[in-house]
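Have a look at the structure below, then the notes.
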Amino acid sequence: MQKIIIVEDEPELASNIAELTSLLGYSVSGIFNNSTSCLEFLSNHKVDLILLDILIKGNDNGIVLAESIKKQYDTPIIFCSAYTDDNMLQQVKQVNPQGYIVKPFNRDILKTTMFLALNNHSQKKEEQNTFHKETFHIRDKGYVVPLEINNILIAKADGLYTKIITPDKNYLIRDILKDIEARLPQDKFLRVHKSFLVNLDHVTSFNSKGITINKQVIPVRRGLFKTLKEMFGTQKEKGALLPE
């Protein structure tokens, strides 16, 4: 059951919202009327969603509280407020909440907004995780550069460095080839020579002496030819386009 908290300064309204959310199948972990108690709770408890009023007790309003939450936690926020003026909406926009419900609201509006907020947040996290899995981060001239793994053609040992070769640019990074090999997916990359690691998806041809990628011929270690034939033969049965 997904856990939520409610930040609302009107006790009766907070109780009504809690009852509605419980009927919708959510677990209400807490009700707060100020930012201090809310942040204290969040420091010790994980929640899935926050329903937040703008006008709350204490020195900080709901927008300031939302800014603090966003800096510390990856938790979706839905504002519940009667404010609809342009100035207030511009302030809310800066916080980038997952939803905004105008009071008064009914059960269906609350249900729809909460469902979409949680679903969109979950999808965003999945996309971020997929991005990190499918990218390889290197440091180039003081900047971190995310490279799509599929765009890495060849990794070549160069002493204490490794040259990463892509279709658009080559990068020289201070990592030995062995460490690069450990960070890349083993089902996509193969150490064909003590100095070369290649992306098998970009192989266009091979023989007992070399393997061709992007018109570059890479030497292969002795005895690898049979292994390559077996590997590509297996992939060919799965319908991949492979060299003869």
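Go through segment 88-105 and count every residue that is among the polar types (S, T, N, Q), more than 16 Å from Val7 (Cβ to Cβ) and touching a helix residue (DSSP H, G or I) at 6+ places or on another chain (Cβ under 9 Å).
Start the filter on segment 88-105 by keeping residues that are among the polar types (S, T, N, Q), which leaves 90-91, 94, 96, 98.
This time we only want the ones that are more than 16 Å from Val7 (Cβ to Cβ), so: 90-91, 94, 96.
Now narrow it down to the ones that are touching a helix residue (DSSP H, G or I) at 6+ places or on another chain (Cβ under 9 Å): 91, 94, 96.
Summing the residues that are among the polar types (S, T, N, Q), more than 16 Å from Val7 (Cβ to Cβ) and touching a helix residue (DSSP H, G or I) at 6+ places or on another chain (Cβ under 9 Å) in segment 88-105 gives 3.
Tally up the residues in segment 41-57 that are in a loop (DSSP other than H, G, I, E, B) and either farther than 16 Å from Leu116 by Cα or not assigned by TED's automatic domain parsing to the domain that holds Pro97 (or both), please. I'd like the intermediate steps shown before the answer.
As a first pass, look at segment 41-57 and keep what is in a loop (DSSP other than H, G, I, E, B): 43-48, 53-56.
The next check asks that each one be either farther than 16 Å from Leu116 by Cα or not assigned by TED's automatic domain parsing to the domain that holds Pro97 (or both); those that pass are 43-47, 53-56.
So the answer is 9.
Since Cys38 meets every condition but one in (1) buried (at least 21 other Cβ atoms within 10 Å of the Cβ); (2) free of Cβ contacts under 8 Å to residues at least 40 places away in the same chain; (3) part of a strand (DSSP E or B), which condition does it not meet?
(3)
Which strands (runs of 3 or more DSSP E) does segment 75-156 wholly contain that include 1 or more residues that are loosely packed, with under 12 Cβ neighbours inside 10 Å?
Numbers: elements: 77-81, 99-102, 135-140, 143-148.
Strands (runs of 3 or more DSSP E) meeting the threshold: 135-140, 143-148.
Looking at (1) surrounded by fewer than 15 Cβ atoms within 10 Å (Cβ to Cβ); (2) at pLDDT 95 or above, can you tell me which one Met1 breaks?
Every condition holds for Met1 apart from (2).
What's the number of the only condition in (1) in contact with a Pro (Cβ under 8 Å, 6 or more places away or on another chain); (2) of a type outside the set (Asp, Glu); (3) at pLDDT below 95 that Asn33 fails to meet?
Tallying (1) in contact with a Pro (Cβ under 8 Å, 6 or more places away or on another chain); (2) of a type outside the set (Asp, Glu); (3) at pLDDT below 95, Asn33 fails exactly one: (3).
The values are calculated or read from the model by the stated rules, or taken from the named source; none is laboratory data. For clarity, every value in this text was computed on a predicted model and none was experimentally measured. Glycine gets a Cβ as well: all are built from the backbone with ideal geometry, and neighbour counts include every protein chain shown.
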